[in-house]
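**Q** Structure provided below as structure tokens; questions to follow.
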Amino acid sequence: MPVIRRPLTRGWELRLSVASAAVRPPVLPAAIAATVPGCVHTDLLAAGLIPDPYLDENELALDWIGHQRWSYVTHFSYAPDSSDRVDLVCDGLDTVATILVNGRQAGKFVNQHRSYRIPVAALLADGDNEVEVIFDSAWAYAENIKQQLGNLPNAYPTPFNFIRKMACNFGWDWGPTVVTAGIWKPIAIETWSMARLTAVRPVATVSGATGHVVVDVDLERTSDTPMTVTALIAGVRTSAAVPAGARSAQLTLAVPDVELWWPHDLGSQPLYDLSVELFADSETALDTWQRRIGFRTIRLDTHADEVGSAFILVVNDVPIFARGANWIPDDCFPSRITADRLRTRIGQGIEANINLLRIWGGGIYESDDFYGLCDELGVLVWQDFLFACAAYPEEEPIRSEVIAEARENVVRLMPHPSLVLWNGCNENIWGWFDWSWQDPVGDRTWGAGYYLDILPAIVAELDPSRPYYPGSPYSGSMDIHPNEDDYGLRHIWDVWNDVDYTEYRNHVPRFVSEFGYQGPPNISTIERSIHDRPLTHTSRGMLHHQKATDGNGKLARGAAPHLPPVERFPEWHYLMQLNQAEAIRFGVEHFRSHRGICMGTVVWQLNDCWPVTSWAAIDGDGKKKLLWYAQRAAYAPRLLTIQPRDDALALIGVNDSGVSWRGATTVQRLRFDGTVLATFETRLVVDRLAAETVVLPERISAAADRRGEFLMATTADGQRALWFFAEDKDLKLAVDVLTTAVRQREGGLEVTVHSSSLARHVAVMADRWHPDAVVDEALVTIPPGGSHTFRITAPAAALAESFANSGALRSLNELVHRD
């Protein structure tokens, strides 16, 4: 009899099982209709019993939810059949769960990141049956384990390092404290006989034009009957015998003339259907497993050199410059994240020329949909194991949970060709060195055993073709400080926290896997989620949706060297988004200009999980901030940039594409009124996957009037680079230089902006005109006598509103006053 799965999706009720004496809940109905998958917060919200925790300061009033004991109950009918086993299969329980079947305990579990299979035949009755899942408070459980094992250092005053749960649920410097509970992934009854597949591990390699797949298969069985397992891919089939009592088999397939899988900027993403079937003595499969896999090679090059040691991802023998972004859970309530939402968000990353997403260690192992979309769309995935910003105990009951969780998720994710790196932890090795951990930890464990021994052994056993690295940042050895420019992975957080973003130029890291700068969300997102009147950057709701320590102070101090002071909220909002965009553009262009030494930038962060002032390029409502547009330009496969080199300026072409880039290039020094002061002609020749530097002559790079001149480099194919000799706030920008023509077009507007003089940082913040309006390019500098046409997509209803009076068009010229 084959495996038959019966989802338990209907008829669930949520109940407050036991109220906390310390954090009292409000009066609730005895039973609340529940959705599975889901969580307590989403069910209470759907029932109208709580306000939206993402709005205003509601988060604070809802803290009681995470301190209660909750119960989910449903009923289903069951009729005994000839199956050998009846299992209750829980794909994900969040987090401290006790399962009762007809009032009898079936199991207790304490890990959100694992699945569970429970034999329940002995607990079932013929007819009506009840399943109850009781969730104890994650707060209480974690505090109890902390008391048992002793406190360990942590970047936040919560016990997230003592429970295997999404750490950022306990609050982060960009996220709310919403400690969830619930059945967050599908739950089902499964029946089966004789045997089933418990794990299938395909390792795909390439030799010449032939793809090779070695498939290791593990079984659970109730019968000693000899069996056969078969595998099929691209018309190639093979089988292996599973003798009586054996619980594993290995199959090898050779697939001729395979097409290689590439990241989206270098090639196509062919995927091959791989199916595995288990048979006994009939033609009907007992169990089946199907995935789409790809053929590509991946290795991590960490060779020592004259600088230190490299960190280069090599795909199909091609060294890749990673133009990446860090990914956090796209919602605090992951059951709300649909495949369509993920396709949109990943697509926004691709539109911004991102070729790698790093799944950060304070979140979750993402859904199968996520990795499948990255396979299909050609996005490289770096997967952290789930450890972040804290010392983690290596004793029980945590240790065995970590091992089981890691083994399960390595097996689940290894078929995906997009997955190119396993990373042990986020900032924990750095924390051991620099965050005053060593004295409070003493001779106790803090996680090193996971990152240096246990996790690499698991990856080597289960996923031997894919590289592992112990941490980010990490220098390749515990004998070298983990956050050195010259070795391995680097995080740069003194920028933002302490120093100006021009500090980026003092670093040439081998690979910078975290750096970022804050900016507020789009105005329509703010107005939807915060109802302060008047709305200012210091109003209560705005401050609540700013989770970084002294966040507004850092925004102000970071902008002061570059941008003029303003008082009104609309101008503050524009300048803070602008400064975020400029900081990241500055850093990315600098790091990319050192291609060859530096081989990756992973910006913190792509997305947000709620409406908040943060480092994200896409805000909590899924809207693109000015940063997104700046990042798209800075991450263009072909980048033209002007950078300082020693005591000169240099024109640098960076070519991450697979085709050489060459052509005539003109560099001019101009006044802001368009007067040409000096011209330099050159021929830019940049090989594929390379960078080329041309030092500019002094007549170009030496300005007579630093506040009133700039450089503009233009290539034959339309690439442009600008250089200013003074900070934006000090430029002699003319006012009243813009003329605007607005033309209605199908699906929106065309806004053509002409400038009689240099117009700096001309922005169209389209959602100020209509909340659903989106512009193709939001941030440009228009040279004197030039123009730019912004194309805005918007619903028909928006056309009734005046664009000219919306405040959507901004430029720095209107805010900088000449002497």
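The values are calculated or read from the model by the stated rules, or taken from the named source; none is laboratory data. Keep in mind the model is a prediction, meaning the values are calculated, not measured. We place every Cβ from the backbone using ideal geometry, glycine too, and count neighbours over all the protein chains shown. Heavy atoms of the whole protein, side chains included, go into the accessibility calculation; ligands, DNA and RNA do not. Shrake-Rupley method; radii C 1.70, N 1.55, O 1.52, S 1.80 Å.
**Q** Quick check on my filter: what residues within segment 640-654 are free of Cβ contacts under 8 Å to residues at least 60 places away in the same chain and open to solvent by 10 Å² or more (accessible area, probe 1.4 Å)?
**A** Arg645, Asp646, Asp647, Ala648
**Q** Look at segment 301-317 and say how many of its residues are part of a strand (DSSP E or B) and either surrounded by fewer than 18 Cβ atoms within 10 Å (Cβ to Cβ) or modelled with pLDDT under 95 (or both).
**A** If we filter segment 301-317 for residues that are part of a strand (DSSP E or B), which is where we start, we get 301, 304, 309, 312-315.
So of that shortlist, the ones also either surrounded by fewer than 18 Cβ atoms within 10 Å (Cβ to Cβ) or modelled with pLDDT under 95 (or both) come out as 301, 304, 314.
Of the residues in that region, 3 qualify.
**Q** Filter segment 378-393 down to the residues that are in contact with a helix residue (DSSP H, G or I) (Cβ under 7 Å, 6 or more places away or on another chain) and in a strand (DSSP E or B) and list them by number.
**A** Val381, Gln383, Ala388, Ala390
**Q** Something else: Just wondering, is there one or more residues in segment 31-45 that are modelled with pLDDT under 95 and surrounded by 15 or more Cβ atoms within 10 Å (Cβ to Cβ)? Explain how you work it out, then say what you get.
**A** Just the residues of segment 31-45 that are modelled with pLDDT under 95, to begin with: none.
Within segment 31-45, not a single residue is modelled with pLDDT under 95 and surrounded by 15 or more Cβ atoms within 10 Å (Cβ to Cβ).
**Q** Could you identify the single residue in Ala138, Ala155 that is touching a helix residue (DSSP H, G or I) at 6+ places or on another chain (Cβ under 8 Å), of a type outside the set (Phe, Trp, Tyr) and at pLDDT below 95?
**A** That would be Ala155, the only listed residue that is touching a helix residue (DSSP H, G or I) at 6+ places or on another chain (Cβ under 8 Å), of a type outside the set (Phe, Trp, Tyr) and at pLDDT below 95.
**Q** Ok, one more. Quick one: in segment 660-686, of everything that is of a type in the set (Val, Ile, Thr) and closer than 22 Å to Ser757 by Cβ, which residue is most open to solvent (accessible area, probe 1.4 Å)?
**A** Val676
**Q** Considering segment 72-131 alone, what residues qualify as being assigned to a loop (DSSP other than H, G, I, E, B), open to solvent by 40 Å² or more (accessible area, probe 1.4 Å) and not hydrophobic (A, V, I, L, M, F, W, C)?
**A** Pro80, Asp81, Ser82, Asp84, Asp91, Asn102, Gly103, Arg114, Ser115, Asp126
**Q** When you check Asp56 against the structure, is it open to solvent by 10 Å² or more (accessible area, probe 1.4 Å), at positive phi and in contact (Cβ under 8 Å) with a residue 60 or more places away in the chain, yes or no?
**A** yes
**Q** I've got another one for you. I'm trying to understand the selection: among the residues of segment 471-484, which are crowded, with 18+ Cβ neighbours inside 10 Å and farther than 22 Å from Thr297 by Cβ?
**A** Matches in segment 471-484: Gly471, Ser472, Pro473, Tyr474, Ser475, Pro482, Asn483, Glu484.
**Q** Could I ask something else about it? Being among the aromatic types (Phe, Trp, Tyr), under 17 Å from Pro783 (Cα atoms) and open to solvent by 30 Å² or more (accessible area, probe 1.4 Å), is that true of even one residue in segment 700-723?
**A** Yes, segment 700-723 contains a residue that is among the aromatic types (Phe, Trp, Tyr), under 17 Å from Pro783 (Cα atoms) and open to solvent by 30 Å² or more (accessible area, probe 1.4 Å).
**Q** Quick one: is Ala106 under 18 Å from Tyr72 (Cα atoms) and without any contact (Cβ under 8 Å) to a residue 40 or more places away in the chain?
**A** For Ala106, the condition - under 18 Å from Tyr72 (Cα atoms) and without any contact (Cβ under 8 Å) to a residue 40 or more places away in the chain - is met.
**Q** Scan segment 397-407 for residues that are open to solvent by 10 Å² or more (accessible area, probe 1.4 Å) and either touching a Pro at 6+ places or on another chain (Cβ under 7 Å) or under 14 Å from Ala457 (Cα atoms) (or both) and jot them down.
**A** Ile403, Ala404, Arg407
**Q** Just the residues that are more than 16 Å from the chain's Cα centre (by Cα), crowded, with 24+ Cβ neighbours inside 10 Å and among the aliphatic types (A, V, I, L, M), please, taken from segment 613-639.
**A** Those that are more than 16 Å from the chain's Cα centre (by Cα), crowded, with 24+ Cβ neighbours inside 10 Å and among the aliphatic types (A, V, I, L, M): Leu626, Ala630, Ala634, Leu639.
**Q** Continuing with the same structure: Would you please list the contacts, defined by Cβ atoms under 9 Å and residues six or more apart or on different chains, that run from a residue in segment 165-182 that is under 13 Å from Ser137 (Cα atoms) and of a type in the set (D, E, K, R) to a residue that is in a strand (DSSP E or B) and open to solvent by 10 Å² or more (accessible area, probe 1.4 Å)?
**A** Sorted first by the residue in segment 165-182, then by its partner, the pairs are Lys165/Val96; Lys165/Val110.
**Q** So, in segment 761-796, exactly how many residues are within 27 Å of the chain's Cα centre (by Cα), in a loop (DSSP other than H, G, I, E, B) and either free of Cβ contacts under 8 Å to residues at least 24 places away in the same chain or surrounded by fewer than 18 Cβ atoms within 10 Å (Cβ to Cβ) (or both)?
**A** 3
**Q** Also: Of the residues that make up segment 599-607, is at least one touching a helix residue (DSSP H, G or I) at 6+ places or on another chain (Cβ under 8 Å), modelled with pLDDT of 95 or more, of a type in the set (Ser, Thr, Tyr) and open to solvent by 10 Å² or more (accessible area, probe 1.4 Å)?
**A** So far as segment 599-607 goes, no, none of its residues is touching a helix residue (DSSP H, G or I) at 6+ places or on another chain (Cβ under 8 Å), modelled with pLDDT of 95 or more, of a type in the set (Ser, Thr, Tyr) and open to solvent by 10 Å² or more (accessible area, probe 1.4 Å).
**Q** Here is a further query. Output the number of residues of segment 501-551 satisfying the condition of being open to solvent by 30 Å² or more (accessible area, probe 1.4 Å), part of a helix (DSSP H, G or I) and within 21 Å of Gly587 (Cβ to Cβ).
**A** 4
**Q** Let me ask you something else. For segment 588-629, how many residues are acidic (Asp, Glu) and not in a loop (DSSP other than H, G, I, E, B)?
**A** 1
**Q** Another one. Those residues that are more than 17 Å from Asn506 (Cβ to Cβ) and open to solvent by 10 Å² or more (accessible area, probe 1.4 Å), I need them from segment 578-590; list them, please. Talk me through it step by step, then tell me what you get.
**A** Within segment 578-590, the subset more than 17 Å from Asn506 (Cβ to Cβ) is 578-582, 585.
Residues satisfying the conditions are Glu582, Arg585.
**Q** Residues Leu749, Leu689, Leu738: which one is within 30 Å of Pro561 (Cβ to Cβ) and either surrounded by fewer than 19 Cβ atoms within 10 Å (Cβ to Cβ) or touching a residue at least 40 places away in the same chain (Cβ under 8 Å) (or both)?
**A** Of the residues listed, the single one that is within 30 Å of Pro561 (Cβ to Cβ) and either surrounded by fewer than 19 Cβ atoms within 10 Å (Cβ to Cβ) or touching a residue at least 40 places away in the same chain (Cβ under 8 Å) (or both) is Leu738.
**Q** For Gly294, are the conditions met, namely being open to solvent by less than 30 Å² (accessible area, probe 1.4 Å), more than 17 Å from Thr228 (Cα to Cα) and over 26 Å from the mean Cα position of the chain (by Cα)?
**A** Details: open to solvent by less than 30 Å² (accessible area, probe 1.4 Å): yes; more than 17 Å from Thr228 (Cα to Cα): yes; over 26 Å from the mean Cα position of the chain (by Cα): no.
Considered against the rule, which asks whether it is open to solvent by less than 30 Å² (accessible area, probe 1.4 Å), more than 17 Å from Thr228 (Cα to Cα) and over 26 Å from the mean Cα position of the chain (by Cα), Gly294 comes out as no.
**Q** Test each condition in (1) out of contact with any Pro (no Cβ under 9 Å at 6 or more places or on another chain); (2) assigned to a loop (DSSP other than H, G, I, E, B); (3) over 24 Å from Cys168 (Cα atoms) for Ile350 and report the one that comes out false.
**A** (2)
**Q** A further question on this structure: Just to be sure before I move on: is Pro80 over 30 Å from His544 (Cβ atoms) and modelled with pLDDT under 95 in the structure I sent?
**A** Yes; evaluated as a whole, the condition is true for this residue.
**Q** Moving on. Going by the conditions given, is Leu575 surrounded by fewer than 23 Cβ atoms within 10 Å (Cβ to Cβ) and either among the aliphatic types (A, V, I, L, M) or in contact (Cβ under 8 Å) with a residue 40 or more places away in the chain (or both)?
**A** No: the conditions fail for Leu575.
**Q** Can you go through Leu266, Leu274 and tell me which one is outside any loop (DSSP other than H, G, I, E, B) and either of a type in the set (A, V, I, L, M, F, W, C) or at pLDDT below 95 (or both)?
**A** Leu274
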